[in-house]
Number of protein chains: 2
Amino acid sequence: MLHTVDTLNTQDTSGPCLSIDEEVAKLLELKAQLGGDDGKHQFVLKTAKGTRDYNPKQMAIREKVFNTIIGCFKRHGAETIDTPVFELKETLTGKYGEDSKLIYDLKDQGGELLSLRYDLTVPFARYLAMNKITNIKRYHIAKVYRRDNPAMTRGRYREFYQCDFDIAGQYDAMIPDAECLKIVHEILSELDLGDFRIKVNDRRILDGMFAVCGVPDEKFRTICSTVDKLDKMAWEDVKKEMVNEKGLSEEAADQIGEYVSMQGGRDLAERLLQDPKMSQSKQACAGLSDIKLLFSYLELFQVTDKVVFDLSLARGLDYYTGIIYEAVLTQQGAPAEESVSVGSVAGGGRYDGLVGMFDPKGRKVPCVGVSIGIERIFSIMEQKAEASAEKVRTTEVQVMVASAQKNLLEERLKLVTELWNAGIKAEVMYKKNPKLLSQLQHCEESGIPLVAILGEQELKDGVVKLRVVATREEVRSIHSAHIMFVLSHTDTQICLDSNETLKVCM
Amino acid sequence: MLHTVDTLNTQDTSGPCLSIDEEVAKLLELKAQLGGDDGKHQFVLKTAKGTRDYNPKQMAIREKVFNTIIGCFKRHGAETIDTPVFELKETLTGKYGEDSKLIYDLKDQGGELLSLRYDLTVPFARYLAMNKITNIKRYHIAKVYRRDNPAMTRGRYREFYQCDFDIAGQYDAMIPDAECLKIVHEILSELDLGDFRIKVNDRRILDGMFAVCGVPDEKFRTICSTVDKLDKMAWEDVKKEMVNEKGLSEEAADQIGEYVSMQGGRDLAERLLQDPKMSQSKQACAGLSDIKLLFSYLELFQVTDKVVFDLSLARGLDYYTGIIYEAVLTQQGAPAEESVSVGSVAGGGRYDGLVGMFDPKGRKVPCVGVSIGIERIFSIMEQKAEASAEKVRTTEVQVMVASAQKNLLEERLKLVTELWNAGIKAEVMYKKNPKLLSQLQHCEESGIPLVAILGEQELKDGVVKLRVVATREEVRSIHSAHIMFVLSHTDTQICLDSNETLKVCM
């Protein structure tokens, strides 16, 4: 879905032109090539502009977020598919309007002309048409690519993940659409990112509104993309753009201004159905009836607390044909009327025409879907992890096999093999004679809860000393089979009771 | 690691030249552009050459394989990282020798020159140098890209997954190396792909062998890449290539031929250390001593049953500096001496110099790692799934909320909401009045074990009918809270006992 999560994308990009950053990078590269004192070629040691590595801590957070999202998608019965990272260039051609300039093309090295995928929706539509699939509920989590001006501190990258959930098929109105909103509600609640709102509108309501306000047909799209800026710009500026840049009459702009300030629920849809002007548009009425129906399902799904029918929501993309929506986080603590949008974290809508663009006979497959904007969510989760006292573990090791004396490598390797073979997550230091202190330090640093310590005496007695890292408590003698029993019945929580007996604490 | 899993890569590729397939594709494209009967532009509805979509069934198998592999990596205490799909072009330059021609470059659209990653090892080394990391145990599962001649039926693609596990750091000899082999042994055993063998050799033994056989220094690499073909070509042909194409003396070739036919274990390493010719090479002796040490650790890890010291193993890549290895599946049932390699499924080795190539001061970080060649494993698992009577489920839905009568959409949506909110995987049909038969059919098709059926009578009594799809048994009245209790205590295994009481069967 071209659920572009950041609607600023097309505003402040410098497009394919060289930015100052890139000029600097080029100069640094030239300087590096001229060489340092040793005359050797120096690498520019960096990742490509707008991209980043994920370190183990970030990956641990990412895994947690993905598990929540995938868990929700699976709870709703979705299958998953995967598509290649690049598509034939012509598959992407004509799908993204102005944004097409942000597509990464591959070099023509002979053979097909290829482009990196810009979103997961167009590949999904291509997949449906190619395999003649007329109904499917699928999720797809993968990276997409946009040659946009990166703003990495605000979570905007040139390589980023999209988490898409889409329902394709001919179904009764608004039922799958409502489920998409239910899913956004579940995911944002479960991730515990603070308060949020889901704005809903309909492409047909927007078009009907433009018509009854006197916008000429040919200006619908461009006026729509100006309306789309309302969450970043004041109405006065949006109006100026409409009148001065796009040549709309002031009267028409004012009428639009009245409508786009409206927010509400099912009641607003009902009121607008009675509105003498709006009700003149058949399109608008169809959209308003669907909004009413949608809200009735949202009530059954128990999610109306966060959903707002908002006539200012436009979403820039051409291919939406019905309902559209976008979820924003609202700053916590601020009073409701002052609550500021800290950015969109999910978006989507209905696109009933896209699959037909790929079908040789133009057969349509109605689709509705939502995309979770994961990068901004990562940023927030990362900040939360930084602020929290709890350390993020990057491994799941349950026990470290250590020795207190020298020359026990063989015994350590034997014991760790026993543990691995029993399915226990275990580590051993890759040294012949590591110091006990450095082995214990490694446990503390990486949060390993237990150490199995081998010594001459223990080996003679055929036992192992087991130590709880956090409390430094020790069980002096325990058979390795016992360790395995304990460890195979828990993940990490282990403590000793007052009788020095090992206990699993859940 | 450039653990190229298919050593044929450089032999039969047509490189950047247009292949016949591509010419055909171009002609078809031109034909499509000329249009069909309706004169409209027709898309070539396909994925890029050498790539494929994964459908839900394939994804279910892929997920299972990944879970096994990741489970093993985590059991061995590995963290994970991720790097961008493209790197600065110069990051990849000079790392892959002849294979560089297979790198996908991005089009110069202004800004940095970029290439798609060719493996996960070079990005890993770049990551270590860039972040000044001197020790880490990490895994990385991601797609890599090679403009190779695809042979998709044999599991060779232009976009394919690598599953890499690497240990970086200054440690005592052969301990991390042995763990890599232990990991290959665990994964291939757990995936149950049939019998396998892990061939081991050492770059220093190869070089030493070439030296004592009289190969001129400048011919080491090219002769090495000829030796690398021994698993696909007979010795006679390999010898011909050495003598006729590479200009080696017949005497030298014959001496090499004697060595590369040798296979064994620790004993072979000991024998070669006494070999009058081989023992003249210091390099070879260092390698042979390490092989001996390696085998002593492999015995402690209980994996020597599958590991063979094989002097014909060469592996094409330049950057290996010590131990190298490759795992091959051997056809089942055939007697050992006839067992034919059905292809390499894992490979790797030690590369102590690569990180230093990225460090401005050339500081080295010793590394050893292994890459699991997942595509061929997928192919085998897919074939197994096809052959098996058991159906592959593509969703995890536990219960379908259905109705037997009309006008019960609201009630269905209410119940499914209760279930979702309780964390239960549930589905409902997106129709106002679906037929009971089509609801039940959907369950049978997608393997949903239970149906909760709503009817007028049940609603009056405040209960739900619960039906086991497989046996068609029903509990006539059950409270929705009971459904939730049952479902939250099991995944799918549910049956009825003789008293019509619902039972969880584990």
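The values are calculated or read from the model by the stated rules, or taken from the named source; none is laboratory data. Remember, it's a predicted structure, so these values are computed and weren't measured experimentally. Every residue, glycine among them, receives a Cβ derived from its backbone with ideal geometry; neighbour counts consider all protein chains shown.
Considering only segment B:7-106, give the helices (runs of 4 or more DSSP H) lying wholly within it that have at least 3 residues that are under 19 Å from the mean Cα position of the chain (by Cα) and either more than 9 Å from chain A (Cβ to nearest Cβ) or at pLDDT below 85 (or both).
Fully inside segment B:7-106 and qualifying: B:56-75.
Quick one: count up the residues across segment B:369-407 that are away from every other protein chain (no Cβ under 14 Å) and in a strand (DSSP E or B).
Counting residues in segment B:369-407 that are away from every other protein chain (no Cβ under 14 Å) and in a strand (DSSP E or B) gives 4.
Residue under question is A:Glu337, and the condition is that it be at pLDDT below 90 and charged (D, E, K, R); does it hold? If you could, list the steps in order and put the result at the bottom.
Details: at pLDDT below 90: yes; charged (D, E, K, R): yes.
Against the criterion (at pLDDT below 90 and charged (D, E, K, R)), A:Glu337 qualifies.
Could you list, in sequence order, the residues of segment B:408-424 that are within 9 Å of another protein chain (Cβ to nearest Cβ), part of a loop (DSSP other than H, G, I, E, B) and in contact with a Leu (Cβ under 8 Å, 6 or more places away or on another chain)?
Of everything in segment B:408-424, just one residue is within 9 Å of another protein chain (Cβ to nearest Cβ), part of a loop (DSSP other than H, G, I, E, B) and in contact with a Leu (Cβ under 8 Å, 6 or more places away or on another chain), namely B:Ile424.
Please verify whether A:Val227 is within 20 Å of A:Asp99 (Cα to Cα) and at pLDDT 90 or above, treating the condition exactly as stated.
Answer is yes for this residue.
Look through segment B:141-174, keep the residues that are in contact (Cβ under 8 Å) with a residue 24 or more places away in the chain and small (Gly, Ala, Ser), and return whichever of them is surrounded by the most Cβ atoms within 10 Å (Cβ to Cβ).
Our first condition is that a residue be in contact (Cβ under 8 Å) with a residue 24 or more places away in the chain; within segment B:141-174, this holds for B:141-150, B:152, B:154-171, B:173-174.
Next, only the ones that are small (Gly, Ala, Ser) stay: B:142, B:155, B:168-169, B:173.
Working: B:Ala142: 19, B:Gly155: 21, B:Ala168: 25, B:Gly169: 16, B:Ala173: 19.
So the residue we want is B:Ala168.
Are there any pairs with C-beta distances below 6 angstrom linking a residue in segment A:278-305 that is more than 22 Å from B:Val416 (Cα to Cα) to a residue that is in a helix (DSSP H, G or I) and charged (D, E, K, R), with the two at least 6 apart or on different chains, and if so which?
Partner pairs satisfying both residue conditions: A:Gln283/A:Arg204; A:Gln283/A:Asp207; A:Ala286/A:Arg204; A:Gly287/A:Arg204.
State yes or no: is A:Leu188 under 14 Å from the mean Cα position of the chain (by Cα) and modelled with pLDDT of 95 or more?
Criteria met by A:Leu188.
Please indicate, with yes or no, whether at least one residue in segment A:246-253 is assigned to a helix (DSSP H, G or I) and of a type in the set (S, T, N, Q).
no
Kindly provide the set of residues from segment A:146-177 that are of a type outside the set (Asp, Glu) and facing another protein chain (nearest Cβ under 8 Å), ordered by number.
Matches in segment A:146-177: A:Arg147, A:Ile167, A:Gly169, A:Tyr171, A:Ile175, A:Pro176.
Answer yes if at least one residue in segment A:431-445 is small (Gly, Ala, Ser), more than 30 Å from A:Tyr157 (Cα to Cα), buried (at least 22 other Cβ atoms within 10 Å of the Cβ) and out of contact with any Asp or Glu (no Cβ under 9 Å at 6 or more places or on another chain), and no otherwise.
No - not one qualifying residue is present in segment A:431-445.
Of these, A:Val355, A:Val370, A:Val365, which one is over 24 Å from B:Tyr139 (Cα atoms), in contact with a His (Cβ under 7 Å, 6 or more places away or on another chain), in contact (Cβ under 8 Å) with a residue 12 or more places away in the chain and outside the structural domain of A:Ala470 (by the TED database)? It would help to see each step written out before you state the result.
Values: A:Val355 fails: in contact with a His (Cβ under 7 Å, 6 or more places away or on another chain); A:Val365 fails: in contact with a His (Cβ under 7 Å, 6 or more places away or on another chain).
The conditions single out A:Val370.
Could you grab me the full set of residues in segment B:150-174 that are not charged (D, E, K, R) and not in a loop (DSSP other than H, G, I, E, B)?
Initial filter on segment B:150-174 (not charged (D, E, K, R)): B:150-153, B:155, B:157, B:160-163, B:165, B:167-171, B:173-174.
The answer is B:Ala151, B:Met152, B:Thr153, B:Phe160, B:Tyr161, B:Gln162, B:Cys163, B:Phe165, B:Ile167, B:Ala168.
Facing another protein chain (nearest Cβ under 10 Å), over 17 Å from A:Glu427 (Cβ atoms) and at pLDDT 95 or above, is that true of B:Lys182?
no
Return yes or no: is A:Glu410 modelled with pLDDT of 90 or more, surrounded by fewer than 17 Cβ atoms within 10 Å (Cβ to Cβ) and among the acidic types (Asp, Glu)?
Working: modelled with pLDDT of 90 or more: yes; surrounded by fewer than 17 Cβ atoms within 10 Å (Cβ to Cβ): yes; among the acidic types (Asp, Glu): yes.
So A:Glu410 fits the description; yes.
For segment A:108-121, indicate whether the set of residues that are more than 10 Å from every other protein chain (Cβ to nearest Cβ), within 30 Å of B:Arg138 (Cβ to Cβ) and hydrophobic (A, V, I, L, M, F, W, C) is non-empty.
There is at least one residue in segment A:108-121 that is more than 10 Å from every other protein chain (Cβ to nearest Cβ), within 30 Å of B:Arg138 (Cβ to Cβ) and hydrophobic (A, V, I, L, M, F, W, C).
Could you please give the count of residues in segment A:79-133 that are of a type in the set (Gly, Ala, Ser), within 24 Å of B:Tyr118 (Cβ to Cβ) and surrounded by fewer than 17 Cβ atoms within 10 Å (Cβ to Cβ)?
Going through segment A:79-133 one residue at a time, the tally reaches 1.
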